[in-house]
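Report on the following structure.
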Amino acid sequence: MGTIDIAIIILYFAVIAGVGIYGARRATNSEEYLVAGRNLSLFMYLGCLAAVILGGASTIGTARLGYEFGISGIWMVGAIGTGVIFLGIFLTKKISQFKVLTISEMLEKRYNKETRLVSAIVATIYTLMLTVVQMIGIGSLLNVWLGWNLALCIIVGGGIVFLYTILGGMWSVTMTDIVQFVVMTVGVFLLMLPLSLSKAGGFGALTTGLPSGFFDLGNIGGDRIFQYFILFTLGMMVGQDMWQRLFTAKTPKVSKYGTVAAGLYAYAYAIVLAIIGMCAFIVLPNIEDSQNVFAEMAMISLPPGVLGLVLASVAAAIMSTASGSIIACSTLISNDIVRRFFK
């Protein structure tokens, strides 16, 4: 990686930190801090939700699945998109009726305070583990790209996300997620996809050079597709990080249509990443570790400068998911455990 690409990545992290700190100025009370004052417009809401559901696993993992199974590699992120669409169609209207901050708070309204405590503890543990994984993911990327010590990379990358999330809460997360959503979209759809296709020789080269099974939507196996839908579709519908974003919508209509649009965006994202993986199968048929498909394809397909922007888009995907899980975890602890039962 050249100096200009490293400079772009470092600059991107600095910009994100600055945007997050600036967003802290809007967090003037607890509702502004935790749910952005329930005042997000459709575009802001869509960008935030799409950014939080599509993390590093969605980006790097779907490219790997596309490399191994072809177009049927879409189903992991497809299952996520389906869960988000179902959430938008069937639950957003009901959720909007409750002026709450967490799932656990809603469960207390339906059942009792013990239900709130138990569900908050379980959700906190899950969300905390998700946060840790994302922090390690950010550090691992910086370690590979910049060559710094892994522990230092985790502290720097994770520290930036933690800093702006804690300072400004949901407003900082919202403003940084908008930037990250734009960077993700430009990096993956407008840069990585066309340049990968060009490197592979176009769609014609894919149809002639790939195994026929790569164009079968069921090539990955029905059992694995079923597992994805059980794990991710249902998981998306009950995650605190998802519900907390729903609470930020300005109106129930914004919540419904923005959620469905985010689910459809996830499907488009999955298709693009799977095609990038299929291009890599043509260009790099002997990759030792298929987990590195996206990075290696970027290295050989993109010119200096563009490479830094695309790799920054991968970091953006991970950072947006990490910030969402941090604010969700802290909300569960403060709102449903500490304030409700101890203070």
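The values are calculated or read from the model by the stated rules, or taken from the named source; none is laboratory data. In this text, all values refer to a predicted model and were calculated from it rather than measured experimentally. FYI the Cβ positions are ideal-geometry reconstructions off the backbone, even for glycines, and counts take in every protein chain you see. For accessibility, only protein heavy atoms count, side chains too; no ligands or nucleic acids. Shrake-Rupley method; radii C 1.70, N 1.55, O 1.52, S 1.80 Å.
Below are the figures for this structure:
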quantity	calculated
Boolean, residue 44 is over 18 Å from residue 238 (Cα atoms) and open to solvent by 10 Å² or more (accessible area, probe 1.4 Å)	yes
Subset of the range 300-332 [farther than 26 Å from residue 178 by Cα and surrounded by fewer than 19 Cβ atoms within 10 Å (Cβ to Cβ)]	300
Extreme residue, nearest to residue 12 (Cα to Cα), among residues of the range 179-236 that are without any contact (Cβ under 8 Å) to a residue 60 or more places away in the chain and among the aliphatic types (A, V, I, L, M)	190
Residue 126 vs. criteria free of Cβ contacts under 8 Å to residues at least 12 places away in the same chain and open to solvent by 50 Å² or more (accessible area, probe 1.4 Å)	yes
Filter result for the condition that a residue is farther than 17 Å from residue 331 by Cβ and either open to solvent by less than 20 Å² (accessible area, probe 1.4 Å) or in contact with a Cys (Cβ under 6 Å, 6 or more places away or on another chain) (or both), over 18, 23, 83	83
Selection count, the range 233-248, where residues are open to solvent by less than 20 Å² (accessible area, probe 1.4 Å) and over 20 Å from residue 34 (Cβ atoms)	1
Segments classed as helices (runs of 4 or more DSSP H), wholly inside the range 6-111, with at least 3 members that are among the aliphatic types (A, V, I, L, M)	42-53, 56-69, 75-86, 103-110
Any hit, the range 54-74, residues being under 30 Å from residue 211 (Cα atoms), open to solvent by 30 Å² or more (accessible area, probe 1.4 Å), of a type in the set (A, V, I, L, M, F, W, C) and modelled with pLDDT of 95 or more	yes
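Conditions (1) in a loop (DSSP other than H, G, I, E, B); (2) within 30 Å of residue 100 (Cβ to Cβ); (3) modelled with pLDDT of 95 or more, marked per residue:
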| position | (1), (2), (3) |
| --- | --- |
| 186 | no, no, no |
| 208 | no, no, no |
| 218 | yes, no, yes |
| 227 | no, no, yes |
| 243 | no, yes, no |
